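What follows is a short report on a single structure.
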Amino acid sequence: MGLKVYISGDLYERDEARISVFDHGLLYGDGVFEGIRVYGGRIFRCREHVDRLFDSAHAIALDIPMTRDEIVDAMRRTLEANSVTDGYIRLVVTRGVGDLSLDPYRCRDPRVIIITDSIQLYPPEYYDQGLELVTVATVRNHPNAVSPRIKSLNYLNNTLAKIECMQAGVEEAVMLNKDGYVAECTGDNIFIVKGGRLETPPVHAGILEGITRSVVMDLARAAGIDAVERDMTRFDLYVADECFLTGTAAEIVPVVRIDSRQIGDGRPGPVTQKLMALFREQTAGKAD
Ligand code: PMP
């Protein structure tokens with residue numbers, strides 16, 4: 001049985017799932033998306049993801065031609081058609097077909113695409129031994145250019161950073177904002193632990209307001225761990241006791257080396273491990 005892909009009301013076999021080359025999603029990266037996890041048949045933080053999709057769309061003046069409930073139903077239908085109970089959903093809304101001009105108002109029919117896949121995690125050794133990061137020269141998008149809060153189809157800013165870290169032989173990149181403060185990684189938010197306190201860059205630093213990020217902040221506070229948002233420099237990263245990344249696909253992944261500096265004792269730290277365990281409990285249990 002082949003993979004079925006949802007496009008605007010219909011399910012297509014993977015090889016038949018096509019959109020036009022005139023779709024501005026392709027021509028200009030004009031559209032928005034979400035990456036969502038399914039655990040035990042439940043769509044994790046479903047409402048938060050759908051709300052963020054609608055916020056992203058609203059920010060680029062894109063009217064999604066479906067209601068929130070219709071989107072959720074379409075995701076459930078696609079999961080069912082693919083018999084996915086544990087996996088990943090890619091939800092995409094493109095601007096739709098236009099002409100070769102930039103004009104988004106000539107695009108009359110946004111496409112809603114839903115692709116499901118089995119779970120994609122980093123290799124297990126990253127979770128056991130921790131990841132290495134490098135800071136890259138590509139600056140995170142200025143919030144007044146393309147706000148990083150918009151989860152848009154234009155990911156070139158992140159792709160350029162990814163190329164830089166891969167060239168350095170490292171999987172993930174620390175991106176700084178235009179003022180030199182730490183923003184986030186190419187597909188994940190970043191956290192440090194210092195003196196028992198959890199710290200992460202604030203939204204104004206120019207980041208995607210990660211859903212895993214907010215789950216982790218809530219889990220930390222519920223466990224009595226002080227959790228704050230604050231501007232941080234690379235110095236703060238280097239002298240952190242612990243560091244980890246959060247994201248829908250990655251969940252929580254420890255970081256043990258940044259720009260060749262060892263973080264803490266070079267192994268995933270106790271607070272990171274505790275949060276990883278709490279997160280696992282959350283996704284195994286009553287995920288909404
Ligand atoms: N930052 C960026 C740039 C991302 O693309 C993502 C999502 N992969 C995240 C952070 C993490 O967000 P979330 O926890 O909502 O997946």
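Couple of notes before you dig in:
- Index of the failed condition, P201 passing every other in (1) surrounded by 20 or more Cβ atoms within 10 Å (Cβ to Cβ); (2) touching a residue at least 60 places away in the same chain (Cβ under 8 Å): (2)
- Residue that is nearest to A183 (Cα to Cα) [pool: residues in segment 233-250 that are of a type outside the set (V, I, T) and either within 16 Å of the ligand (Cβ to nearest atom) or within 18 Å of the chain's Cα centre (by Cα) (or both)]: L245
- Selection status of V193, more than 16 Å from the ligand (Cβ to nearest atom), touching a Phe, Trp or Tyr at 6+ places or on another chain (Cβ under 9 Å), open to solvent by less than 70 Å² (accessible area, probe 1.4 Å) and not in a loop (DSSP other than H, G, I, E, B): yes
- A residue that is modelled with pLDDT under 95 and among the small types (G, A, S) cannot be found anywhere in segment 125-140.
Yes/no matrix, rows are residues, columns are (1) closer than 28 Å to E34 by Cα; (2) aliphatic (A, V, I, L, M); (3) more than 12 Å from the ligand (Cβ to nearest atom); (4) outside any loop (DSSP other than H, G, I, E, B):
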{"residue": "A183", "(1), (2), (3), (4)": "yes, yes, no, yes"}
{"residue": "H204", "(1), (2), (3), (4)": "yes, no, yes, yes"}
{"residue": "R221", "(1), (2), (3), (4)": "yes, no, yes, yes"}
{"residue": "D231", "(1), (2), (3), (4)": "yes, no, yes, no"}
{"residue": "I252", "(1), (2), (3), (4)": "yes, yes, no, yes"}
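- Members of segment 34-64 found to be of a type outside the set (V, I, T), over 18 Å from R77 (Cα atoms) and within 20 Å of the chain's Cα centre (by Cα), listed by number: E48, D51, R52, L53, F54, D55, S56, A57, H58, A59
- Sole residue being under 25 Å from C46 (Cα atoms), among the charged types (D, E, K, R) and in contact (Cβ under 8 Å) with a residue 40 or more places away in the chain, chosen from E242, E251: E251
- Pairs linking a residue in segment 143-167 that is within 20 Å of G180 (Cα to Cα) and open to solvent by 60 Å² or more (accessible area, probe 1.4 Å) to a residue that is of a type in the set (S, T, Y) and within 12 Å of the ligand (Cβ to nearest atom), with Cβ atoms under 8 Å and 6 or more positions apart or on different chains, are V146/S152; R149/S56; T159/T186; K162/T186.
The values are calculated or read from the model by the stated rules, or taken from the named source; none is laboratory data. Note that the structure is a prediction, hence the values are computed from the model and not measured. All Cβ positions, glycine included, derive from the backbone under ideal geometry; neighbour counts span all protein chains shown. We work out accessible area using only protein heavy atoms, side chains counted, and drop any ligands, DNA or RNA first. Shrake-Rupley method; radii C 1.70, N 1.55, O 1.52, S 1.80 Å.
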